[in-house]
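Worksheet: the structure to be examined is printed underneath.
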């Protein structure tokens, strides 16, 4: 890592983003990957900001219910008479069938959806195939996320605020690591497509796979943003992406050798934001205006 890179890490650690404070009273929010880390902290913020309904989508209902208890314990509304609803819905991002069934349930059963924050992600150390035949980091982080975002558009379009006319929000959780991707890493070999290239075990490298999956997330966010602009120039849905910065999280939990754990612990302690600080960016991204459409949000700004 360059000195500039270390400088940015230190800056991010010393100057965390602002904590969002605007009211989300009466809003319905969908959050994927909300059982730990950044997602759990984002869920707590949403309840504290007054949402009336929070749908947490996760692979394990048991872990979802455990997260629900934590959220209720840590929010200011936990012992009050405030009306809010936390629902735990099953969603396996490693299964296209699960994604399509989940989206169908949202579109059929949820009266309105004001915010969708697609936060679920993995970073596998070893090459792992899903039942659908895709490398799991690629499918969970990019392909299923793109599919879910597209399938949620009908409900999001129909959820424009009737009082203000403001569109609903669709936010993809990205990573600054995508900016370090090299063209050669995405270059097909002349036979395979980009996706086939990334799906190959021969080409798999754990850290680069995560980084390249986030390149695809950025492509997805910008492509869907283009789809949601109406013929008259108005927006049907505000679509953006958000980077929480380098945070202490469980994303690299598969790096479990003692020396790896020690290095990660020290590195995160020195340079890492807390998950709470990182979640501020995710939540604030879902509250931005139309100026954020198609843009990448990090540390309270739109980096060039």
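The values are calculated or read from the model by the stated rules, or taken from the named source; none is laboratory data. No experiment lies behind these values; they were computed from the predicted model shown. Quick reminder, even Gly has a Cβ in these numbers, built from the backbone with ideal geometry, and neighbours come from all protein chains shown.
Which residue pairs have Cβ atoms under 6 Å apart, sit 6 or more places apart or on different chains, and have a first residue in region 201-220 that is under 12 Å from residue 146 (Cβ atoms) and a second that is assigned to a helix (DSSP H, G or I) and at pLDDT 95 or above?
Short answer, once both residue conditions are applied: 213/137; 213/138; 213/141; 213/142; 216/142; 217/142; 220/146.
Among the residues of region 190-208, are any modelled with pLDDT of 90 or more, more than 22 Å from residue 125 (Cα to Cα), outside any strand (DSSP E or B) and under 23 Å from the mean Cα position of the chain (by Cα)?
no
If you scan region 220-232, which residues turn out to be modelled with pLDDT under 95 and either surrounded by 14 or more Cβ atoms within 10 Å (Cβ to Cβ) or part of a helix (DSSP H, G or I) (or both)? Full working, then the answer.
Going residue by residue through region 220-232, those that are modelled with pLDDT under 95 are 226-232.
Within region 220-232, 226, 227, 228, 229 meet the criteria.
Quick check: anything in region 80-87 exposed (fewer than 15 other Cβ atoms within 10 Å of the Cβ), touching a helix residue (DSSP H, G or I) at 6+ places or on another chain (Cβ under 6 Å) and more than 28 Å from residue 157 (Cβ to Cβ)?
No: region 80-87 contains no residue that is exposed (fewer than 15 other Cβ atoms within 10 Å of the Cβ), touching a helix residue (DSSP H, G or I) at 6+ places or on another chain (Cβ under 6 Å) and more than 28 Å from residue 157 (Cβ to Cβ).
Check every one of the strands (runs of 3 or more DSSP E) wholly within region 77-184 and list those with 2 or more residues that are closer than 30 Å to residue 201 by Cβ. Walk me through it before giving the result.
Details: elements: 85-90, 115-118, 168-173.
So the answer is 168-173.
Among residues belonging to region 251-302 that are modelled with pLDDT of 95 or more and part of a loop (DSSP other than H, G, I, E, B), point out the one that is surrounded by the most Cβ atoms within 10 Å (Cβ to Cβ).
Applying the filter and picking the extreme gives 286.
Return the total of residues in region 91-117 being closer than 19 Å to residue 158 by Cα and within 14 Å of the chain's Cα centre (by Cα).
3
Sort out which residues of region 60-76 are assigned to a loop (DSSP other than H, G, I, E, B) and either surrounded by fewer than 19 Cβ atoms within 10 Å (Cβ to Cβ) or modelled with pLDDT of 95 or more (or both), and write them in order of number. Lay out the reasoning, then the answer.
As a first pass, look at region 60-76 and keep what is assigned to a loop (DSSP other than H, G, I, E, B): 60, 75-76.
Correct list: 60, 76.
Does residue 180 count as surrounded by fewer than 20 Cβ atoms within 10 Å (Cβ to Cβ), within 23 Å of residue 246 (Cα to Cα) and modelled with pLDDT under 95?
In short, yes.
Determine whether region 121-138 contains at least one residue that is buried (at least 22 other Cβ atoms within 10 Å of the Cβ), in contact (Cβ under 8 Å) with a residue 12 or more places away in the chain and under 18 Å from residue 42 (Cα atoms).
Yes - at least one qualifying residue is present in region 121-138.
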